[in-house]
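Colleague: Could you have a look at this structure, given as structure tokens, before my questions?
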Amino acid sequence: MQLKAKKTNLKAMLTTASCALLGSTANVSAQETWQFDTAIMHYAEVDRVSATEAIIAGTKKFNNDEVLSLKLTIDALTGASPNGATAQPTPQTFTRPSGNGQYNVKAGDTPLDDTFHDTRVQLTGQWTQPLLKDYTVSVGGNFSKEYDYMSASLNGNVARDFNKKNTTLSAGMAYAYDVIEPEGGIPKPLSEMVVGDSNDPNFNDDFNKTRIASDESKSTIDLLFGVTQVINRQMIVQLNYSYSTVSGYMTDPFKIISSVNKNGESQAYLYENRPDERTKHAFFGQTKYHFDSGILDASYRYMTDDWQIDSHTFDFRYLIPFTNGHFIEPHFRLYTQSAAEFYQPFIAQDEAKPNFVSADYRIGELDTYTVGLKYGMPLGDGNNLSFRLEYYHQTPKDNGTQAIGVLKEVELYEQVDAIIAQVTYSF
Amino acid sequence: MLIINRYKVLVVLSLVCSVVGMSGCSSLGVEPWERDLLAKKEMALTSAPIDASLDDHIYFSKEATSGGRSFGGGGCGCN
């Protein structure tokens, strides 16, 4: 009894808070109540980055089929991230992106920069409502802020139902504006990282010569066209085409690339440089099929862009319900991508510097897979609790580049293992 | 010539229609009273939006592809 009273109070409290935010009174009728979803997720890579993300999302359905969704996300990131340089048979020293101090990497280890820690707060809002006969419109916005990054976006979507609502066509557009303001500023593309005594009075001057600005920005326009079709009583299919064009700063200011001699030994570290335009096309297909024993959710996505990255994503989930209302849902995801045309694991010192280059394995040739299991249970009064545990594995690959000299002795494409653990509570 | 052009127009039109699903899919679908299974929350295309948004964030920051299901946009400087 006590527990139930507490739950009701929490819901009432959140309802009041949401209403206060919206400037309305907290007088909620029986039909027009808020539904809340809360989740906490922990993502942890072995020896690298870990992140904890908490979400609270509220959805209110009004009597006239209008829907308001609000979502608050907070996440904290700590740990080490590859800086792009290759491992070496000797220890290496790097200057931190801020210019304040240096860090050392052991012989044979993939260089990781352990300065990463950031907290992000994100607010999302979406309003959806019927319009005229057969039309649904939706508008929304998103704002997210972390220490060195800001992102704001707006989106709009219109959908029309045909054929007794068995067919729905939709078209949407989104615009996003992102600003990055890294501590230590924006590095000059392809300039050499200054590595030396950071207490030396000349160090700051030398470091500042590798900086060109304090911040950079990019803007993204997304177009999304979709068709949803009910096939029969058990099956529904969705097909989407999306077009995305990004303009502005897409370089990662924290990433470098090793410049090596003929024997593969690092001679310098250069700040990477990526093109400032990128256009992507994605085709997405999904089906849900209601079998007698469970529900299959299968999807496929093909993406191609003008950085020469092509990717294929396969995702399968199978929800198996039990008679007591509990369910389990195994999940399997497969992903493969080709390398961006300017991806290189290292550059040869005696060759001309390319205009664009990055050693970030995330835009190199890469295969990943995820296996996971979700377990859910009803707690009465329409409340639900679920747990999700997943294992994520990344296999970066060489894009045909031959390792030279000492680079043959070290691991250039280190695999990454991560665990995703999540608890979700809906009330 | 005119007939060929008309034929072409017809082919293009029917292609467009079937792609768009308006005429091509009219034989598919169900009557409103046959929506018992489709109406289940688990049968929604995005039945677990929280999971979907968490996954989007993870894969956005770990792989070179984002979006497709919905908007891929910007969002974070995550590493």
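The values are calculated or read from the model by the stated rules, or taken from the named source; none is laboratory data. Only a predicted model underlies this, so the values are computations on that prediction, with no experimental measurement involved. Because the Cβ atoms are built from the backbone with ideal geometry, glycine has one as well, and the counts that use them run over all protein chains shown. Side chains are part of the model used for accessible areas, which takes the heavy atoms of the whole protein and leaves out ligands, DNA and RNA. Shrake-Rupley method; radii C 1.70, N 1.55, O 1.52, S 1.80 Å.
Colleague: Filter the stretch A:55-71 for residues that are surrounded by 14 or more Cβ atoms within 10 Å (Cβ to Cβ) and among the hydrophobic types (A, V, I, L, M, F, W, C); which is farthest from the other protein chains (Cβ to nearest Cβ)?
Modeller: Once the filter is applied, the top-ranked residue is A:68.
Colleague: Still on this structure, I have one more. Scan the stretch A:161-169 and give yes if some residue there is at pLDDT below 95, on the phi > 0 side of the Ramachandran plot and open to solvent by less than 20 Å² (accessible area, probe 1.4 Å), otherwise no.
Modeller: no
Colleague: Exactly one of these conditions fails for residue A:104: (1) farther than 30 Å from residue A:266 by Cα; (2) open to solvent by 30 Å² or more (accessible area, probe 1.4 Å); (3) part of a strand (DSSP E or B). Give me its number.
Modeller: (1)
Colleague: Is there a residue being closer than 30 Å to residue A:295 by Cβ and touching a Phe, Trp or Tyr at 6+ places or on another chain (Cβ under 9 Å) anywhere in the stretch A:349-366?
Modeller: No, there is no match, as no residue in the stretch A:349-366 is closer than 30 Å to residue A:295 by Cβ and touching a Phe, Trp or Tyr at 6+ places or on another chain (Cβ under 9 Å).
Colleague: Can you pull out the residues in the stretch B:37-46 that are more than 11 Å from residue A:290 (Cα to Cα) and within 7 Å of another protein chain (Cβ to nearest Cβ)?
Modeller: Listed by number, the list holds a single entry, B:45.
Colleague: Can you report the number of residues in the stretch A:352-381 which are more than 27 Å from residue A:265 (Cβ to Cβ) and out of contact with any strand residue (DSSP E or B) (no Cβ under 8 Å at 6 or more places or on another chain)?
Modeller: Summing the residues that are more than 27 Å from residue A:265 (Cβ to Cβ) and out of contact with any strand residue (DSSP E or B) (no Cβ under 8 Å at 6 or more places or on another chain) in the stretch A:352-381 gives 2.
Colleague: Answer with yes or no whether residue A:236 is of a type in the set (Val, Ile, Thr) and either in contact with an Asp or Glu (Cβ under 7 Å, 6 or more places away or on another chain) or surrounded by fewer than 16 Cβ atoms within 10 Å (Cβ to Cβ) (or both).
Modeller: Against the criterion (of a type in the set (Val, Ile, Thr) and either in contact with an Asp or Glu (Cβ under 7 Å, 6 or more places away or on another chain) or surrounded by fewer than 16 Cβ atoms within 10 Å (Cβ to Cβ) (or both)), residue A:236 does not qualify.
Colleague: Residue check, residue A:258 against (1) polar (S, T, N, Q); (2) touching a residue at least 24 places away in the same chain (Cβ under 8 Å); (3) out of contact with any Phe, Trp or Tyr (no Cβ under 6 Å at 6 or more places or on another chain), all met but one. Which one?
Modeller: That leaves (3) as the condition not met.
Colleague: Let me ask another. When residues of the stretch A:143-156 are filtered for being out of contact with any Phe, Trp or Tyr (no Cβ under 9 Å at 6 or more places or on another chain) and either among the aromatic types (Phe, Trp, Tyr) or at the interface with another protein chain (Cβ under 9 Å from one of its Cβ atoms) (or both), how many remain?
Modeller: 6
Colleague: Within the stretch A:200-234, track down each residue that is part of a strand (DSSP E or B) and hydroxyl-bearing (Ser, Thr, Tyr).
Modeller: If the condition is that a residue be part of a strand (DSSP E or B) and hydroxyl-bearing (Ser, Thr, Tyr), then A:217, A:219, A:220, A:228 are the ones that fit.
Colleague: Here is a follow-up. Of A:156, A:172, A:184, which residue is part of a strand (DSSP E or B), over 19 Å from the mean Cα position of the chain (by Cα) and either modelled with pLDDT under 95 or crowded, with 19+ Cβ neighbours inside 10 Å (or both)?
Modeller: So the residue among A:156, A:172, A:184 that is part of a strand (DSSP E or B), over 19 Å from the mean Cα position of the chain (by Cα) and either modelled with pLDDT under 95 or crowded, with 19+ Cβ neighbours inside 10 Å (or both) is A:172.
Colleague: Another question about this same structure. Just one of A:174, A:213, A:152 is among the hydrophobic types (A, V, I, L, M, F, W, C), over 30 Å from residue A:232 (Cα atoms) and touching an Asp or Glu at 6+ places or on another chain (Cβ under 6 Å); which is it?
Modeller: The unique qualifying residue is A:174.
Colleague: Hey, does the stretch A:79-97 have a residue that's within 14 Å of another protein chain (Cβ to nearest Cβ) and more than 27 Å from residue A:417 (Cα to Cα)?
Modeller: The answer is no, given that none of the residues of the stretch A:79-97 is within 14 Å of another protein chain (Cβ to nearest Cβ) and more than 27 Å from residue A:417 (Cα to Cα).
Colleague: Continuing with this model, one more query. Would you mention how many residues in the stretch A:240-269 are touching a helix residue (DSSP H, G or I) at 6+ places or on another chain (Cβ under 9 Å) and of a type in the set (A, V, I, L, M)?
Modeller: Residues flagged as touching a helix residue (DSSP H, G or I) at 6+ places or on another chain (Cβ under 9 Å) and of a type in the set (A, V, I, L, M) within the stretch A:240-269 amount to 1.
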